[in-house]
Amino acid sequence: MISIEGLKVEFGVKPLFSDATFVINDKDRIALVGKNGAGKSTLLKILCGMEHPTAGNVSVATDTTIGYLPQVMILQDDTTVRQEAQKAFADIQKMADRIKRMEQQLNERTDYESANYMALVEKFTNEHERYQMLGAEGYEAEIERTLMGLGFERKDFERPTSEFSGGWRMRIELAKILLRRPDVLLLDEPTNHLDIESIQWLEQLLATWSGAVVLVSHDRAFINNVSNRTLEITCGQIIDYRVKYDQYVVLRKERREQQLRAYENQQKEMADIRDFVERFRYKPTKAVQVQQRLRQLEKMEIIEVDEVDNSAMHLKFPPCLRSGDYPVICDEVKKAYSHVVFDHVNLTIKRGEKVAFVGKNGEGKSTLVKCIMGEIPFDGNLKIGHNVQIGYFAQNQAQLLDENLTVFQTIDNVARGDIRLRINNILGAFMFGGEAADKQVKVLSGGERSRLAMIRLLLEPVNLLILDEPTNHLDMPSKDVLKEAIKAFDGTAIIVSHDREFLDGLVTKVFEFGGGKVREHLGGIYDWINSSGKWSAESGKLKVESGKLKVESVNNPSPVTLRPSPSTKQDYAERKEQQRRVSRAEKAVAESEKKIAKMEQRLKELDSLLCDPKNASDMTLVTEYTDIKRQLDEEVERWEQLSEELEEVKS
């Protein structure tokens, strides 16, 4: 579909990459990875024709369409959500107009036997067949399915786009790109403005995309679930790993270990040659050998070792006074504007707990955070515990920095006491060492600004951390270190985030926001995801029946049938059979889990009975207990086997 040959890009003395050669094939789902500034976004712009390389060729196959979602774009505000999404079908609408005009001509003309009339009939037939095969007659249903999958509700469709935040308008642009169904999708950080439900919906869509996908993302779970190939930009090269992201991480580690061994062997060989030259440089009898060694040294190509960013952040939250047992208590808290955001919120957060606020955007997560911070009024009782000192990282914290200050000045202005003597050390720990400390804020990337804002948070001791989307624009190494620092933090943490991989293993309780309510779920983020299964029901789910797509939603229980496009028709039977296998395997696992739960419950009852002295010699109870224990062990083994079979079917 797209062939890249000898690509070179340079902005300064050192090129971003050179001599890059690879091909993007149909059904490739490529994760484009590399450290910040490696040239990932630049490569996407070159692939879609927005920028031109210094050298090399990018060849796009005839009739190949490309859809590109940048990180930042200029958005229009003069239409409704539905009207903006309909722009994706502008070509289909033009086709419909052409068909209508030809139909009118056929009705008006009477020269049925003429060559011109027959040519018009043939043209009309071909155009009408193409129109039907594109599924054009059902594009309104396709629009609704896509918008609802990305988190919009039906009541939002007729609202002006100007009423929505930048993040929601970016979703509209993503919807338009998906609705056009381009042959190649280029997505630059598509999950930055999506909630967990929408991310999962997009994952499912991209995993079955009929064309090719190239994406840049710092959401490890997302790119691993979508990708089947990984391109890494490193050491000025683009290296192709034909595996998904998780496997790439393993292969990359092995590759670097091999490079290090080869590099060390080469350095040893070069040292031996230099020793020989120095030892016999002035001996006439060895002159020929010395010259041979020197030529050998000159011809050696130095082995390069893939870059590894070892200058990772070292986060350590300073010690702070111990807070009360319950830092946050909400009792019948309510917040309403023109509509009720949430009502009857009752929650208690204990000292030392790490909890997550999750749910769709606009359901009140950041609003409750602002209530806790005392930034906005509310109804009900919200108590902040004794001796609580709050550190708050807002969503727009990075944008609130003064762009005219340098990195050093930004920290110097808020530092107090002895810490001012250690500013350079702190900046160095956050990858702002040396000349980077003198950079102005306005030239920093989104990730660099987020790190700088995080430093400001660390300058004062706190025992309650409230982090609102702290991982936006942070690269994977930075997120890993931040996660470890929060895990080691002695105090309490409230984290608003849609990054499943970041929350996994970090939080032990999830508060779900939705429908004006806040529900408490014990366990980690994946416990909540697996137990709720809520996202598919609310955002609309895709089903495949009899070779047709059916769109179902809670608000519209009557399915709307769409004709599949030719490029995806052949996949439907396979996907249908796959869904059946998965459904059967999931049903078997669920039935086994019910049996296990029932037996465990009976064992508890028997335990209680046998603890009573009068039942201690009751052999009926003892026999029943022994039998159920044996059956339970067998069922657990069966459950493990069924679970393994389910994983195999899914993969």
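The values are calculated or read from the model by the stated rules, or taken from the named source; none is laboratory data. Not measured: the values here are computed from a predicted model. Methodologically, a virtual Cβ is constructed for each residue, glycine included, from the backbone with ideal geometry; neighbour enumeration extends over all protein chains shown. All accessible areas refer to the heavy atoms of the entire protein, side chains included, with ligands and DNA or RNA removed. Shrake-Rupley method; radii C 1.70, N 1.55, O 1.52, S 1.80 Å.
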Taking the options Asn387, Asn381, name whichever one is over 14 Å from Leu459 (Cα atoms), touching a residue at least 12 places away in the same chain (Cβ under 8 Å) and in contact with a strand residue (DSSP E or B) (Cβ under 8 Å, 6 or more places away or on another chain).
Asn381
Look through region 166-189, keep the residues that are under 21 Å from His218 (Cβ atoms), acidic (Asp, Glu) and not in a helix (DSSP H, G or I), and return whichever of them is least open to solvent (accessible area, probe 1.4 Å).
Asp188
Write out, first by first residue and then by second, each pair whose Cβ atoms fall under 9 Å of each other, whose residues are 6+ apart or on separate chains, and whose first residue, in region 223-246, is on the phi > 0 side of the Ramachandran plot while the second is modelled with pLDDT under 90 and part of a strand (DSSP E or B).
Cys235/Phe17; Gly236/Pro15; Gly236/Leu16; Gly236/Phe17; Gly236/Ser18; Gly236/Asp19
In region 471-497, residues that are modelled with pLDDT of 85 or more, open to solvent by less than 20 Å² (accessible area, probe 1.4 Å) and not polar (S, T, N, Q) total 7
Check Glu84 against each of (1) under 24 Å from Glu142 (Cβ atoms); (2) not in a helix (DSSP H, G or I) and name the one condition it does not meet.
(2)
Scan region 513-523 and tell me whether some residue there is buried (at least 21 other Cβ atoms within 10 Å of the Cβ), small (Gly, Ala, Ser) and in a loop (DSSP other than H, G, I, E, B).
no
Between a residue in region 55-79 that is under 23 Å from Glu189 (Cα atoms) and at pLDDT below 80 and any residue that is open to solvent by less than 100 Å² (accessible area, probe 1.4 Å) and assigned to a loop (DSSP other than H, G, I, E, B), which pairs come within a Cβ distance under 7 Å, given they are 6 or more apart or on different chains?
Gln71/Glu189
Flagged pairs (Cβ under 8 angstrom, 6 or more apart or on separate chains; first in region 585-599, closer than 10 Å to Arg638 by Cβ; second open to solvent by 90 Å² or more (accessible area, probe 1.4 Å) and modelled with pLDDT of 85 or more) are Ser592/Arg638
Complete set of residues in region 603-651 that are more than 30 Å from Asn224 (Cα to Cα), open to solvent by 70 Å² or more (accessible area, probe 1.4 Å) and touching a residue at least 24 places away in the same chain (Cβ under 8 Å):
Lys629, Gln631
Within the set of pairs 6 or more residues apart or between chains, which connect a residue that is on the phi > 0 side of the Ramachandran plot inside region 323-344 to a residue that is open to solvent by 10 Å² or more (accessible area, probe 1.4 Å) and charged (D, E, K, R) with Cβ atoms less than 9 Å apart?
Glu332/Asp343; Glu332/Asp379; His344/Glu332; His344/Lys334; His344/Lys517
So, first residue over 19 Å from Leu503 (Cα atoms) in region 196-210, second residue among the basic types (Lys, Arg) and surrounded by fewer than 17 Cβ atoms within 10 Å (Cβ to Cβ), Cβ within less than 9 Å, six or more apart or across chains; the pairs are Thr208/Arg575; Trp209/Lys27; Ser210/Lys27
Could you tell me whether any residue of region 411-427 is open to solvent by less than 70 Å² (accessible area, probe 1.4 Å), touching a residue at least 24 places away in the same chain (Cβ under 8 Å), assigned to a loop (DSSP other than H, G, I, E, B) and in contact with a strand residue (DSSP E or B) (Cβ under 8 Å, 6 or more places away or on another chain)?
no
Quick check, is Gly364 out of contact with any helix residue (DSSP H, G or I) (no Cβ under 6 Å at 6 or more places or on another chain) and either crowded, with 21+ Cβ neighbours inside 10 Å or of a type outside the set (Lys, Arg) (or both)?
yes
Just one of (1) open to solvent by less than 70 Å² (accessible area, probe 1.4 Å); (2) within 16 Å of Thr80 (Cα to Cα); (3) out of contact with any strand residue (DSSP E or B) (no Cβ under 7 Å at 6 or more places or on another chain) trips up Glu163, so point out which.
(1)
Please go through region 154-179 and pick out each residue that is closer than 17 Å to Leu194 by Cα, of a type in the set (D, E, K, R) and modelled with pLDDT of 85 or more.
Asp156, Arg171, Glu173, Lys176
Can you confirm whether region 278-300 contains a residue that is in a strand (DSSP E or B) and modelled with pLDDT of 85 or more?
no
What do you reckon, is Val72 hydrophobic (A, V, I, L, M, F, W, C) and open to solvent by 60 Å² or more (accessible area, probe 1.4 Å)?
yes
Going through region 33-49 one residue at a time, which ones are assigned to a loop (DSSP other than H, G, I, E, B) and either at pLDDT below 85 or surrounded by 12 or more Cβ atoms within 10 Å (Cβ to Cβ) (or both)?
Gly34, Lys35, Asn36, Gly37, Ala38, Gly39, Cys48
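Residues checked against (1) of a type in the set (Asp, Glu); (2) open to solvent by less than 40 Å² (accessible area, probe 1.4 Å); (3) within 27 Å of the chain's Cα centre (by Cα); (4) over 30 Å from Asp475 (Cα atoms):
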site: Gln291; (1), (2), (3), (4): no, no, no, yes
site: Ile303; (1), (2), (3), (4): no, no, no, no
site: Val333; (1), (2), (3), (4): no, yes, no, yes
site: Val340; (1), (2), (3), (4): no, no, no, yes
site: Asp343; (1), (2), (3), (4): yes, yes, no, yes
site: Leu347; (1), (2), (3), (4): no, yes, no, yes
site: Ile372; (1), (2), (3), (4): no, yes, no, no
site: Ala394; (1), (2), (3), (4): no, yes, yes, no
Scanning region 210-255 for residues that are assigned to a loop (DSSP other than H, G, I, E, B), under 19 Å from the mean Cα position of the chain (by Cα) and buried (at least 19 other Cβ atoms within 10 Å of the Cβ) gives Ser217, His218, Asp219, Ser227
